[in-house]
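Below is one structure; the comments refer to it alone.
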Amino acid sequence: MNPNRWSRPALLSGRLLQYIASILLFCMMALTVVDTFMRKVFSAPIASAFELTEIMLTLVIFAGLPLITARRGHVQVELIEGLLSRVVRRASDLVIDLVVSVALAVLAWQLWLKAGEQAGYGDTTSVLQIALSPVTYVMAALAAVAALLSLANAILALLGGSAEQAAQMGSGGT
Amino acid sequence: MITALIAFGIMLALIFLRVPIAFAMGLVGFFGFAYILDNFGAALGMVRAVTYETGSDYNLSIVPMFILMGNLVSQSGMSRELYRAAYSFLGHRSGGLAMSTVVACGGFSAICGSSLATAATMSKVAMPEMKKYGYDPSLAAGSIAAGGTLGILIPPSVILVIYGILTEQNIAALFAAGILPGVLGVLLYMAAVRFTTWRNPAAGPPGEKTPWGERGKALLGVWGVLLLFVLVLGAIYTGYATPTESAAVGAFGALVLSLLRRSLTWRSFLDVLYESAATTAMLFVILIGALIFANFINMTGMAQQLTSFALSLEMAPIFVIFFLVLVYLVLGCVLESLSMILLTVPVFYPLVDGLGYDLIWFGIMVVVVTEISLITPPVGLNVFVLRSVMPEIGTGTIFRGVTPFWAVDIIRLAIIILVPGLSLWLPQLFYG
């Protein structure tokens, strides 16, 4: 397996997700501010602000999920870390990455089912009538990406590293 | 009850074995739920519902807004003016720079809802100054680590928001309740600095005295902080805007101030946005895991059994509170703050409510205990934040410096428990 071949697209798509999450967060803020202003000053609130905020919040969280997972950034208690030898540490990294990967895969599967349900009922938001299923499909897909990244971390734990490090090291040379 | 206790045990064991906290809670919650109902399909459905609904809950959109606001003010440089203003009044006293640090931390907490961000930001301003005057590194680091904990008590506060959502309490009332205990915290921390320099004057030599004209100028320099605080809290208290709207306006205000001060480049703005988004995602993953766990714990009936057990003991309810505090102090040694609150509050608040206590008051108590956990070894997160900013100072040195602050925190906790009016006076004034 040659990590270099994958590092460039991985890094680029990671950066793309970063920008998407950042822009969505900014839009959430801007929308709420404009909505508040319009309501207070012109008594003309943006009727769809509520549902748009909900969708953006969802997407910020799920765009962040693969990014956090790739850098093993989920909050951990590192109480015994110092006591472990390198081999034990790496082995425990391997097991933990696999557990996280399976959990995220199950989550992706369940969200996919949810999206299918929504598509079947034709669920939409109440004001703009935006179809909800595509949003949920995106959630499921991003959870699946996170699951794959954790699996990649597990494989890299055998070699000693994380997916994010590998991507950065690989692209440094190209 | 037994099932719930075993589940708690397994979960804590997984956390110790370095399983990410969110996943430890989520997995135990999922399997526990499936075990009680003997039905994996129902447990999967629960996980699906919790994940979907938490991720798209409008009320929770207040959390990323306060995170964004905190990160924006952190890079705005306003912490420098706060420190200068505090220094101009306190700097010439013995231990004055450490006292200024504590006061500036308190001021910064009024525009930042996170303790870690407060500690990290203030350390960049206060540490070089204290170094220049030859402060004992343990006093210098201790005052920043302790002062930083005020971030989650003095409003706005991300932790109080989450407590309010969990217990269905009024967030504005919770914010009001945090103010006086926060001020008390500043005063007691100043006393702790005083005590340290009384025992060893060399630990905190005085700085230069500032003339009154300069003091006035320095005080005027904090207008940005004051404006943001009044904007956000004023909008919440007058009921002019909902807390969520106020949080977004606060983030926007922080952005405008940063632009006016020219402290923001495109690069740093993108960094702030991304860091805020990543922190948001991280918090929500923990939140989802904790809610899955809470759904399982609710099925076990642990909260009700705990309440009836406590009532059957027929002892003064205050002893139950003391016992809970003890549980928190022990858990605080090993758990990260948000997870601790998410794990314990759903179990404890029906009990506290059943004993006839005010849940606003309990919220303040929980936050103060959490503040203490932030500086308690071995997992004092604020101490680790300081370490990452200043690797040259040892963890042991910081923990040693934190000790007097930890001691006055225990005094403050006792005062808050024994004098509920300290927390409840302001909310009652505002909301009757």
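The values are calculated or read from the model by the stated rules, or taken from the named source; none is laboratory data. Just so it is clear, the model here is predicted, and its values are computed rather than measured. Reconstructed Cβ throughout: ideal geometry from the backbone, glycine too, with neighbour counts over all protein chains shown. The protein model used for the area step is the full one, side chains on, heavy atoms only, and it has no ligands, DNA or RNA in it. Shrake-Rupley method; radii C 1.70, N 1.55, O 1.52, S 1.80 Å.
Comparing B:R261, B:R93, B:R194 in a Gaussian network model of chain B where C-alpha atoms under 10 Å apart are linked, the largest mean-square fluctuation is found at B:R261. In chain B, inverting the average of 1/r over every pair of distinct C-alpha atoms gives 22.2 Å as the Kirkwood radius. Peptide A:19-25 has a mean shielding of 6, counted as Cβ atoms of other protein chains within 10 Å of each residue's Cβ.
Using a 1.4 Å probe over the heavy atoms of the protein chains, calculate the carbon and sulfur portion of the accessible area of the stretch B:229-276 as a whole percent. Mind dumping the intermediate values first?
Details: 1600 of 2280 Å².
C and S fraction of accessible area: 70 percent.
A viscosity of 1.002 mPa s and a temperature of 20 °C, combined with the Kirkwood radius over C-alpha pairs in the Stokes-Einstein formula, give the stretch B:190-323 a diffusion coefficient of 101 µm²/s.
For the ranges B:118-125, B:326-333, what's the packing order if you count other beta-carbon atoms within 10 Å of each residue, average per peptide, and put the highest first?
Values: B:118-125: 25.8, B:326-333: 16.1.
Per-residue mean Cβ counts within 10 Å order the peptides as B:118-125, B:326-333.
Which percent of the accessible area of the stretch B:332-385 is formed by carbon and sulfur heavy atoms (probe 1.4 angstrom)? Walk me through the numbers on the way to the answer.
On the way: 670 of 1030 Å².
Carbon-and-sulfur percentage of accessible area, whole number: 65.
Backbone geometry of the stretch A:135-149 corresponds, through the Karplus equation with coefficients 6.51, -1.76 and 1.60 at θ = phi - 60°, to 3J(HN,Hα) couplings of 4, 5, 4, 4, 4, 4, 5, 5, 5, 5, 4, 4, 4, 5, 5 Hz, x marking Gly and Pro. Taking a quarter of the surface of the Cα convex hull of the stretch B:295-432 gives a mean projected area of 10.1 nm².
Peptides B:35-45, B:170-180, B:280-290, ordered by how many other C-beta atoms sit within 10 Å of their residues on average, highest first, read B:280-290, B:170-180, B:35-45. Length, then width, then depth: along the principal axes, the Cα atoms of the stretch A:28-170 run 64, 37, 30 Å.
Here the 3J(HN,Hα) profile of the stretch B:225-236, calculated from phi with Karplus coefficients 6.51, -1.76 and 1.60 at θ = phi - 60°, is 4, 4, 4, 4, 4, 5, 4, 6, 5, x, 5, 5 Hz, Gly and Pro shown as x. If I fit a long axis through the Cα atoms of helix A:3-42 and take the longest principal axis of the Cα atoms of chain A, what angle between them do I get, 0 to 90°, rounded to 10? With both axes taken from Cα atoms, the answer is about 30 degrees. Per the Debye calculation on the stretch B:172-250 with a single equal scatterer at every Cα and no solvent contribution, log₁₀ I(q)/I(0) for q = 0.17, 0.19, 0.25 Å⁻¹ amounts to -0.90, -0.96, -1.11. For the stretch B:339-432, the solvent-accessible area with a 1.4 angstrom probe is 35 square angstrom per residue.
For the stretch A:1-60, go through all pairs of different Cα atoms, get the mean of 1/r, take its inverse, and jot down that Kirkwood value in Å. Numbers along the way, then the final one.
Working: mean 1/r = 0.0738 Å⁻¹.
Computed over the stretch A:1-60, the radius equals 13.5 Å.
In chain B, the longest principal axis of the Cα atoms and the axis of helix B:62-76 are about 20 degrees apart.
To the nearest 100 Å², how much accessible surface do chains B and A cover up together, summed over both, with a 1.4 Å probe? Approximately 4800 Å², summed over both chains.
Summing Lys, Arg as +1 and Asp, Glu as -1, what charge do residues with Cβ under 14 Å from the Cβ of B:P128 carry, B:P128 excluded? Provide the component values of the computation, followed by the final result.
On the way: positive: B:R80, B:R84, B:K124, B:K131, B:K132; negative: B:E129, B:E392.
Net charge around B:P128: +3.
On the basis of the beta-carbon distance and an R0 of 60 Å, A:T124 and B:L355 show a calculated FRET efficiency of 0.85. Rounded is the label for the protein assembly as shown, because a/c, from the alpha-carbon gyration tensor with a ≥ b ≥ c as root eigenvalues, stays below 1.5.
Neighbours of B:I416, meaning other residues whose beta-carbon lies under 14 angstrom from its beta-carbon, give a summed charge of -2 when Lys and Arg score +1 and Asp and Glu score -1.
Residue by residue through A:55-66, how many Cβ atoms from other chains fall within 10 Å of the Cβ on average? Write out the running numbers ahead of the final one.
Working: counts 2, 3, 11, 7, 3, 9, 15, 4, 3, 11, 6, 1.
Per residue, the number of nearby Cβ atoms from other chains is 6 on average.
Rounded to the nearest whole Hz, the Karplus-based 3J(HN,Hα) values (6.51 cos²θ - 1.76 cosθ + 1.60, θ = phi - 60°) of the stretch B:261-274 follow the sequence 7, 6, 8, 10, 9, 4, 4, 5, 5, 4, 4, 4, 4, 5, with x at glycine and proline. Summarising the amide proton neighbourhood of A:T124: residues at separation of 5 or more, or on other chains, whose placed amide H is nearer than 5 Å comprise A:L132. Here the stretch B:58-208 has an Rg and Dmax of 15.8, 53 Å, counting Cα atoms alone.
Sort B:375-382, B:234-241 by the packing proxy (mean of other Cβ within 10 Å over each peptide's residues), most packed first. Write down the numbers at each step before the final one.
Details: B:375-382: 21.0, B:234-241: 16.1.
Ranked from most to least packed, the peptides come out as B:375-382, B:234-241.
For B:S388, the accessible area of its heavy atoms, probed at 1.4 Å with every protein chain present, is near 90 square angstrom. In the context of the full set of protein chains, residues of the stretch A:71-123 present 56 Å² of accessible surface per residue (probe radius 1.4 Å, heavy atoms only).
Axis angle, to the nearest 10 degrees, between helix A:86-121 and the longest C-alpha principal axis of chain A: 30 degrees. Each Cα pair under 8 Å and six or more residues apart adds its sequence gap; the mean of these over the residue count of chain A is a relative contact order of 32 percent. Once the partner protein chains are put back, the stretch B:268-283 shows a loss of at least 20 square angstrom of accessible area, versus the chain by itself, at B:L270, B:L273, B:Y274, B:A277, B:A278, B:T280, B:A281, B:M282 (probe 1.4 Å, ligands and nucleic acids excluded). Probing with 1.4 Å while keeping every protein chain in the model, the per residue accessible area of the stretch B:155-248 equals 45 Å².
Going from the chain on its own to the full set of protein chains, the stretch B:8-25 has these residues losing 20 Å² or more of accessible surface (heavy atoms, 1.4 Å probe, no ligands, DNA or RNA): B:I15, B:F16, B:L17, B:R18, B:V19, B:P20, B:I21, B:F23.
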